[in-house]
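Below is one structure; the comments refer to it alone.
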Ligand code: AVJ
């Protein structure tokens, strides 16, 4: 079958050079850190899809339940003829819950994992022949630039999964402010936000019994080893995830099992035994704290939905 996906080439530095630069900078920092956006090579994107199926990871299935139940309300707020733009589209699975009802004119998936993005959007185009499907490989954590050759008339940005949680509240405010700036009047932002809850429930979600989250976390080191000139050995690190209540975030770390020296691109880095490489923050909000954040970025909230247990929330923000 002919490829029905319009692919937009983004002129961005290659991911390899950004992985190299950010790894060298992050490993030299104290405490050591690296951005969670580097989780998502093909293997990482696949592992993330597996995480979404774990019984402890309530995030995905809860958001899907909320979206299915809210689909009519969402349609009512958005109106007809939307141009749907998904940030971090991944497998483009959740958007399917909206397509039949919303019947947008076009769909643009934006993701950092290029081959994963292409496979997913091609599948979407095949399953929804009436839909004009676009794909752009981009890192929207820097600056979201819509492709120049993609005309938007009535945009609805879909930002599911609580990916906003990877940003500090300050960065999140900046990103939302930027989205507010590029949206025309009448444009919308449909965003999924994970909620503060019992520590045990939160920590279980990031320490699944099948160790898929651990594999996802450790894959980052495998990626550094594969894509950069590095001798780092994932088996000499362990996964650690816990809820930092003070900062209202899950933190993920990779802990060095022993004292060791590793090299990346000819530079040597020392780990003490037990020393951490901080790989991810996943911020959790209350309905109030997120509404305040959205308002501070200039948005009005025209819809807000949660599940019966208040595990997760979906917000319709309007420009
Ligand atoms: C995709 C950032 C929303 O924080 O829950 C899942 C990523 N990390 N398990 C999250 C993730 C570990 C996920 N987000």
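Each reported figure results from applying straightforward, stated rules to the coordinates on display, with no laboratory input. This structure is a prediction, so every number in the text was calculated from the model and none was measured. As a convention, Cβ positions derive from the backbone with ideal geometry for all residues, glycine included, and neighbour counts pool all protein chains shown.
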(request) Could you work out how far helix 58-78 tilts from the main Cα principal axis of the chain, as a 0 to 90 degree angle to the nearest 10? (result) 30
(request) As a check on your grasp of the helix formula, calculate [θ] at 222 nm for the chain: sum -39500 (n - 2.57) over DSSP H runs of n ≥ 4, divide by the residue count, round to the nearest 500. (result) -11000 deg cm²/dmol
(request) May I ask you to derive the relative contact order of region 1-136, considering only C-alpha pairs under 8 Å and at least 6 residues apart, and to give it as an integer percent? (result) 30
(message) Between residue 9 and residue 200, what is 0.36 nm times their sequence separation minus the Cα-Cα distance? Round to one decimal in nm.
(response) 64.4 nm
(message) List residues of region 250-283, by number, whose backbone nitrogen lies under 13 Å from a label position 7 Å along Cα→C-beta of residue 233.
(response) 257-263
(request) For each of 301, 52, count neighbouring Cβ atoms within 10 Å of the residue's Cβ, then give the residues from fewest to most. (result) 301, 52
(message) Could you tell me the relative contact order of the chain? Use alpha-carbon pairs under 8 Å, at least six residues apart, and round to a whole percent.
(response) 22
(request) Can you tell me how much longer the chain between residue 148 and residue 61 gets when fully stretched, taken as 0.36 nm per residue apart minus their C-alpha distance, in nm with one decimal? (result) 27.9 nm
(request) When a/c is below 1.5 the answer is rounded, else prolate if a/b is larger than b/c, else oblate, so apply that to the chain with a ≥ b ≥ c taken from the square roots of the Cα gyration tensor eigenvalues. (result) prolate
(message) Between 0 and 90 degrees, rounded to the nearest ten: what's the tilt of helix 169-182 against the longest Cα principal axis of the chain?
(response) 40
(request) Mind giving me the FRET efficiency for residue 25 and residue 295? R0 is 41 Å, r the Cβ-Cβ distance, nearest 0.05 is fine. (result) 0.75
(request) Using only Cα atoms, find the angle between the long axis of helix 212-227 and the longest principal axis of the chain, and express it within 0 to 90 degrees, rounded to the nearest 10. (result) 70
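Relative contact order for region 200-317 using alpha-carbon pairs under 8 Å, separation at least 6, rounded to a whole percent? List each step's numbers first, then the result.
Details: 179 pairs, mean separation 20.2, N = 118.
Result for region 200-317 is 17 percent.
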(request) Measure off 7 Å from each Cα along the Cα-to-Cβ vector at residue 309 and residue 181, then give the distance between these two points in nanometres to one decimal. (result) 4.0
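May I ask you to derive the FRET efficiency for residue 167 and residue 42 from their Cβ-Cβ distance with R0 = 35 Å, giving the value to the nearest 0.05?
The pair residue 167/residue 42 has a calculated efficiency of 0.90.
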